[in-house]
1. Just the residues that are open to solvent by 50 Å² or more (accessible area, probe 1.4 Å), more than 24 Å from the chain's Cα centre (by Cα) and not aliphatic (A, V, I, L, M), please, taken from segment 18-55.
2. Could you identify the single residue in ARG39, ARG3 that is over 30 Å from ARG85 (Cα atoms) and of a type outside the set (Phe, Trp, Tyr)?
3. When the residues of segment 19-56 are filtered to those that are part of a loop (DSSP other than H, G, I, E, B) and either modelled with pLDDT of 85 or more or touching a helix residue (DSSP H, G or I) at 6+ places or on another chain (Cβ under 9 Å) (or both), which remaining residue is nearest to ILE78 (Cα to Cα)?
4. If a residue has to be open to solvent by 100 Å² or more (accessible area, probe 1.4 Å) and of a type in the set (Asp, Glu) to count, how many in segment 1-17 make the cut?
5. Here are SER70, SER106, SER61, SER102: which of them is hydroxyl-bearing (Ser, Thr, Tyr), more than 24 Å from the chain's Cα centre (by Cα) and at pLDDT 75 or above?
6. For segment 56-81, name all the residues that are open to solvent by less than 40 Å² (accessible area, probe 1.4 Å) and of a type outside the set (Gly, Ala, Ser).
Amino acid sequence: MLRSLDEQLALVGQEHGEALEWSPQERFQVDLLAAETDRTVDLAAMYDACGDDVKLRVKLSAELRLLRQSTARMIREIKTELPERPTPTALRIKGAGRQRTSPFGSRGGAVVTCGFRRRCQTHDMVVA
């Protein structure tokens, strides 16, 4: 499984003409996934070897079910695709929003986004 994730990352890097590597946080997630997969395999072997002990089989099956759900969740969290680059329009909208909510606004005055009147402490003036 880890080899297939590494191959997927390499393919994405080839498509974009870059050599991609896992970040330290992603490497930690991949290592956790490997440990959890090993634990799942060990529990599955114990389940097969426990024979007719019903209580042990029930406990192991519950643990296996939880581990498989957790593994599926962890696999969904690991992303090999690069995030999309923002379009120029999206960057322009983001910049306008940042300027609107800036304490200095576009002309150096304080901008308040709510409808209440309050005193601007920075410029000692009333803003709406």
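The values are calculated or read from the model by the stated rules, or taken from the named source; none is laboratory data. For clarity, every value in this text was computed on a predicted model and none was experimentally measured. Reconstructed Cβ throughout: ideal geometry from the backbone, glycine too, with neighbour counts over all protein chains shown. Only protein heavy atoms, including side chains, enter the accessible area calculation; ligands, DNA and RNA are left aside. Shrake-Rupley method; radii C 1.70, N 1.55, O 1.52, S 1.80 Å.
1. ASP42, TYR47, ASP48, ASP52, ASP53, LYS55 - these are the residues of segment 18-55 that are open to solvent by 50 Å² or more (accessible area, probe 1.4 Å), more than 24 Å from the chain's Cα centre (by Cα) and not aliphatic (A, V, I, L, M).
2. Criteria check complete, one pass: ARG39.
3. Here the answer is TRP22.
4. Residues flagged as open to solvent by 100 Å² or more (accessible area, probe 1.4 Å) and of a type in the set (Asp, Glu) within segment 1-17 amount to 2.
5. Going through SER70, SER106, SER61, SER102 in turn, the sole match is SER61.
6. LEU60, LEU64, LEU67, THR71, MET74, ILE78, THR80
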